[in-house]
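Asks: I have a structure here, written as structure tokens, and I will follow up with some questions on it.
Each value in this text was obtained by applying a stated rule to the coordinates, not by laboratory testing. It should be emphasised that the depicted structure is a prediction, and the values quoted were computed from it without experimental measurement. Here the Cβ positions follow ideal geometry from the backbone for every residue, glycine too, while neighbour counts run over all protein chains shown.
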Protein chains: 2
Amino acid sequence: MNSRRNFIKTLGVVSAAATLPINTIANEMANQKMIHQVYFWLHDNANTNEFLTEAVPMLGKCPTVAKFIAGTPADTEKRDVVDHSWQVSCTIFFDSLEDQLAYQKEPLHLEFIDKYSSMWSTVKVYDIAI
Amino acid sequence: MNSRRNFIKTLGVVSAAATLPINTIANEMANQKMIHQVYFWLHDNANTNEFLTEAVPMLGKCPTVAKFIAGTPADTEKRDVVDHSWQVSCTIFFDSLEDQLAYQKEPLHLEFIDKYSSMWSTVKVYDIAI
């Protein structure tokens, strides 16, 4: 009886160890709010306005985006630690990691890449759990 | 008479040219909302929690900060364009460029630098006009 109880107890522990990480990942995917911060360096500065007003607004219309803020370098002090060399940024809030993953596959996002990727030379992304 | 009128006209243009940029700068300083986006690379990963919970909250308490969001790298896909190598970020909203300038000189900000700058090896800043 004791050994049966122990077996069941052990089984419970093993089962918890096997399923907990998966549940944790699932919870994080579903509940972890984040900022997807993107900086674009364009081939031609002259395209900045078109990129800002016609291109990136497509990203803001993607259905899983919670909040979208387009930006340009602010006219702050020149300091070694401040990078003013990019042209356009997107600050995109998502309510979960799942929503960011869906955004990566969203047809409107893919259309944006297809239509405008030739305009940028470099893109840098920082994904921020908040 | 004609030459006097032209002189006045010219004076008006010169005066506008001399004062307009100053007014424009003043307006931008007073009205341009922005995000001050900071990424920290720490010498020691083991300090991440202390830096996140004790150090950067000091920045959020600076009086001209409109909104403060501390973050860590989100567990998103590994892609060439995504930098997950930093440890702690601050997303700081200001209602004006003036407010960001005041923040740079704020005693609590200077105390933060004095107390914690030995913990980071690199800091990168992007100032975003929004």
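Asks: Ranked from highest to lowest mean number of other Cβ atoms within 10 Å per residue, what is the order of the peptides B:38-50, B:92-104?
Replies: Ranked from most to least packed, the peptides come out as B:92-104, B:38-50.
Asks: Nm distances between the label at A:Lys124 and the same-position labels in the remaining copies, 7 Å along Cα→Cβ, shortest first?
Replies: In nanometres, ordered from closest: 0.3.
Asks: Let me ask you something else. Can you give the average number of partner chain beta-carbon atoms within 10 Å of each beta-carbon in peptide B:97-106, as a whole number?
Replies: Mean partner shielding for this stretch: 1.
Asks: Output ³J(HN,Hα) for the range B:111-119: one whole-Hz value per residue in order, computed from phi by the Karplus curve 6.51 cos²θ - 1.76 cosθ + 1.60 with θ = phi - 60°, and x for Gly and Pro.
Replies: Using θ = phi - 60°, the values come out as 5, 4, 4, 4, 7, 10, 5, 5, 7 Hz.
Asks: Also: Would you grab the residues whose amide H sits under 5 Å from the one on A:Gln32? Only those 5+ places off in sequence or on another chain, please, with H modelled 1.01 Å from N.
Replies: A:Leu97
Asks: Positive end of the charge dipole of the range A:32-129 (Lys, Arg +1 and Asp, Glu -1 on Cβ, about the Cα centre): tell me which of A:Gln32, A:Pro57, A:Cys90 has its Cα farthest that way.
Replies: A:Gln32
Asks: Going by the rotation axis that takes chain A to chain B, pick out the residue of A with the closest C-beta and quote the gap in whole Å.
Replies: That would be A:Gln37, 3, residue then distance in Å.
Asks: Moving to a separate point now. Exceeding 23 Å between C-alpha atoms, which entries from my cross-link table qualify? They are A:Lys67/B:Lys115; A:Lys105/B:Lys67; A:Lys33/B:Lys78; B:Lys33/B:Lys124; A:Lys115/B:Lys67. Provide the component values of the computation, followed by the final result.
Replies: Values: A:Lys67/B:Lys115 34 Å; A:Lys105/B:Lys67 31 Å; A:Lys33/B:Lys78 18 Å; B:Lys33/B:Lys124 20 Å; A:Lys115/B:Lys67 34 Å.
Beyond 23 Å: A:Lys67/B:Lys115; A:Lys105/B:Lys67; A:Lys115/B:Lys67.
Asks: What does the structure give for A:118-128 when I average, per residue, the other chain Cβ atoms found within 10 Å of the residue Cβ?
Replies: Mean shielding by partner chains, rounded to a whole number: 5.
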